[in-house]
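Let me begin by presenting the structure, written as structure tokens, before commenting on it.
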Amino acid sequence: MTTKPVRKAVFPVAGFGTRFLPATKAVPKELLPVVDQPLIQYAVDEALAAGIDQLIFVTGRGKGTIEDYFDRQFEIETDLEAKGKTEILNALGKTRLKPGQAAFVRQQEMAGLGHAVWCARHLIGDEPFAVLLPDELLWNPADPCLAQMNRTYEAKGGNVISVLEVPEEHVHRYGVIDPGAAEGAVTEVKGMVEKPKREVAPSRLAVVGRYILQPEVLKVLDAGKKGAGGEIQLTDAMAELIGVQPFHAQTFDGARHDCGEKAGFIIANLALALERPDIADTIRAYARTI
Ligand code: G1P
């Protein structure tokens, strides 16, 4: 099957980060570090590794430092260079995107994830695109989540979302799919519902923040229909494409850390720190004492 390659990725980063206040009062939650790089960098790395070449950030008030983060910082760079601190200088390399590679658009009201994605419609245009929610740290550096999904997209076309099985008592926090036939990690999607009560959830397969979508979903979002929580939900818009376009869920092979909540964020720091040769022993030794 020939599919149009996915070249653009949307990063919704306008949220207030209420759960991390006061830490997020003056620092966007997407810039909170996991070990030594901000959450947003993990999502950007994942997108670039999957062949994305245009990054669209949907920001909001108080999120200007995300734009600064992806800019050059001449003073620091010149200073590091003069001092011969090349290792640190090299670590900054990944924060420098190619000229014109990043675009920023504002979501002026917190009207839901569907609304955030819709705010990027003029930049997305008429081509397939990815959406990555940076709160969800999906960790498999050898085969990142979006790369796994891209292979499924190339085979099946249409829309592909990442899912993971969650405990029944947690389904109300997520978009949940109604699964059809499965082949290995790929499951056909027959339906989808945002934040269902556990009694009516169609499965325990929750959408975990990665999407490859066709531009038609933006037309559905044009209607601005409100769903769960009075918000314009991406899940509801996607559900309207089921049956019209191919729709598959990819069970993510890797570790998922929900960095949108405190415990998940701390666990992500521990888990990733244990993969760093320079600090792993110290962290492990301390963890044994507690
Ligand atoms: C959003 C989506 C939901 C998805 C979740 C993953 O919800 O609306 O479908 O399962 O992200 O983290 P939020 O966490 O913004 O409430």
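Taken together, the values in this text are just the output of simple stated rules run on the coordinates, not laboratory data. Because the structure is predicted, anything quoted here is derived from the model rather than measured. Glycine also receives a Cβ, built like all others from the backbone with ideal geometry; neighbour counts cover every protein chain displayed.
Please identify every one of the trypsin sites (Lys or Arg not before Pro) in region 77-134 that sits in a loop by DSSP and has no more than 16 other beta carbons within 10 Å of its own beta carbon. Walk me through the numbers on the way to the answer.
Details: sites: Lys83, Lys85, Lys94, Arg96, Arg106, Arg121; in loops: Lys83, Lys85, Arg96.
Sites meeting the loop and neighbour criteria: Lys83, Lys85, Arg96.
In the structure displayed, which of Lys63/Lys197; Lys8/Lys63; Lys29/Lys156; Lys197/Lys219 lie more than 31 Å apart, Cα to Cα?
Working: Lys63/Lys197 33 Å; Lys8/Lys63 21 Å; Lys29/Lys156 35 Å; Lys197/Lys219 28 Å.
The answer is Lys63/Lys197; Lys29/Lys156.
Report the semi-axes of the equivalent ellipsoid for the chain in whole Å, largest first, where each axis is √(5λ) for an eigenvalue λ of the Cα gyration tensor. Write out the running numbers ahead of the final one.
Working: eigenvalues 194, 103, 74 Å².
Equivalent ellipsoid semi-axes, largest first: 31, 23, 19 Å.
222 nm [θ] for the chain, helices only, -39500 (n - 2.57) per DSSP H run of 4+, per residue, to 500?
Working: 11 runs with 88 residues, N = 290.
That comes out to -8000 deg cm²/dmol.
Among the DSSP beta bridges whose two residues both lie in the chain, what percent are antiparallel, rounded to the nearest 5? Before the final figure, lay out the partial values.
On the way: 26 of 45 bridges.
Counting DSSP beta bridges with both partners in the chain, the antiparallel share is about 60 percent.
For Asp222 paired with Asp143, estimate the spin-label separation in nm (one decimal), with each label point 7 Å from Cα along the Cα-to-Cβ line.
So the two model labels end up 3.9 nm from each other.
Can you give the FRET efficiency for Ala181 and Phe16, using 1/(1 + (r/R0)^6), R0 = 41 Å, r = Cβ-Cβ distance, to the nearest 0.05?
0.55
For the pair Asp68 and Glu169, how long in nm is the line joining their label points, each one 7 Å along Cα→Cβ?
4.2
Once you've got the GNM for the chain with C-alpha springs shorter than 10 Å, pick whichever of Ala50, Ala239, Ala91 has the biggest mean-square fluctuation.
Sorting by GNM fluctuation, first place goes to Ala91.
How high is the relative contact order of the chain, given as a whole-number percent (alpha carbon pairs under 8 Å, six or more residues apart)? If you can, show how the numbers build up before the last one.
Values: 525 pairs, mean separation 63.9, N = 290.
Relative contact order for the chain comes out at 22 percent.
Under 15 Å from a point placed 7 Å out from the Cα of Ala23 along the Cα-to-Cβ direction: which residues of region 268-290 have their backbone N that close?
In region 268-290, the label zone of Ala23 (backbone N under 15 Å from the point 7 Å along Cα→Cβ) covers 268-273.
Given q = 0.11, 0.14, 0.24 Å⁻¹, what are the Debye log10 I(q)/I(0) values for region 182-290, with equal point scatterers placed on the Cα positions and solvent ignored?
-0.54, -0.76, -1.40
With a cut-off of at most 13 other beta carbons within 10 Å, and DSSP calling the residue loop, which trypsin sites (Lys or Arg not before Pro) in region 1-72 qualify? Please list them.
Numbers: sites: Arg7, Lys8, Arg19, Lys25, Lys29, Arg61, Lys63, Arg72; in loops: Arg7, Lys25, Arg61, Lys63, Arg72.
Hits after loop and neighbour filter: Arg7, Lys25, Arg61, Arg72.
Given H placed 1.01 Å from N in the peptide plane, which residues other than close sequence neighbours of Lys195 have an amide H under 5 Å from its amide H?
Tyr174, Gly175, Val176
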